[in-house]
Amino acid sequence: MTQERTREWTDGTHREYHERQFERVYRSTVHFCDWAERLGFLGGQAERRILDVGAGLGANAAYMAERFPGTRVVGMDLSEELVAGGNEILRNRGIANAELIQGDLFALPANFRGAFDGVVSYQVLSWLPDYRAALQALAALDVGWIAATSLFYEGDIDCTIQVRDYTTPASGQAFRDTYYNVYALPRVQALCAELGYPAFHRTRFEIDVDLAAPATGGMGTYTERLADGRRLQISGPLLMPWYFVLAARS
């Protein structure tokens, strides 16, 4: 991801974000696995090999490995520091069917092709400058399905959103520079079909817990209740339209 992604999630300053997922699995991860299991892509008796791209410390990989013991999960991240720390956590927790490796989405090893049944990307696509190159790289792995949790819109509108968060300076500058892009689902679906994945599933993620706003006033998801009881997810000044998508060969 060196050519496509800024360093906001790989420079070590978000380690606490990754660590707390081990203590309390994010609801989006649980709901995604529920959804993918209902669709038949996770769980069951089949032995599967899953690649988790942008795995961070590996909390999501650990959750999938523990929940689906017949599944082997390989988590990949650009940060050597996070990979080393995550593997130590996995060893200490005795999770033998998950491991982390250092790697770049846009420079995947040749032996990855055909090595996995499916690939999942949690909270990564919207933090890239664009989704097209990422999906093309994942499709080149020749997996049975590609899944992502990210920010999407039902209409035919893409939004490129670049955030400068002055509450968390980083990398020797006065702000953290981050993408929070929202992608048009019809465009994403069309690209997946073009790449050989015509069976397209999607669902809006409706969070079922209340989240407090960050004390710093900066970016970080929190919720506000609507009159009908549903929760809006917000980060800083932005609404967060979370979706799960999964594109399969058939």
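The values are calculated or read from the model by the stated rules, or taken from the named source; none is laboratory data. Remember, it's a predicted structure, so these values are computed and weren't measured experimentally. Backbone-built Cβ (ideal geometry, glycine too); neighbour counts: all protein chains shown.
Okay, here's what the table says:
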| item | result |
| --- | --- |
| Matching residues in region 94-116 - criterion: being assigned to a loop (DSSP other than H, G, I, E, B), more than 16 Å from the chain's Cα centre (by Cα) and without any contact (Cβ under 8 Å) to a residue 60 or more places away in the chain | Gly94, Ile95, Ala96, Asn97, Leu108, Pro109, Arg113, Gly114 |
| Top-ranked residue in region 212-229 [being of a type outside the set (Gly, Ala, Ser) and more than 19 Å from the chain's Cα centre (by Cα); ranked as farthest from Ile146 (Cα to Cα)] | Thr216 |
| Residue list for region 1-43, restricted to those being among the hydrophobic types (A, V, I, L, M, F, W, C) and modelled with pLDDT under 95 | Met1, Trp9, Phe22, Val25 |
| Residue list for region 194-232, filter: out of contact with any helix residue (DSSP H, G or I) (no Cβ under 8 Å at 6 or more places or on another chain), under 28 Å from Ala137 (Cβ atoms) and of a type outside the set (Gly, Ala, Ser) | Glu194, Arg204, Met219, Thr221 |
| Boolean, Ala193 is surrounded by 15 or more Cβ atoms within 10 Å (Cβ to Cβ), closer than 17 Å to Tyr131 by Cα, small (Gly, Ala, Ser) and modelled with pLDDT of 95 or more | no |
| Residues of region 133-173 satisfying the condition of being assigned to a strand (DSSP E or B), loosely packed, with under 13 Cβ neighbours inside 10 Å and over 19 Å from the mean Cα position of the chain (by Cα) | Arg164, Gln173 |
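Residues are listed down the side, and each one gets a yes or a no for (1) out of contact with any Leu (no Cβ under 9 Å at 6 or more places or on another chain); (2) under 24 Å from Tyr63 (Cα atoms):
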| position | (1), (2) |
| --- | --- |
| Asn111 | yes, no |
| Gly114 | no, yes |
| Val119 | no, yes |
| Gly144 | yes, yes |
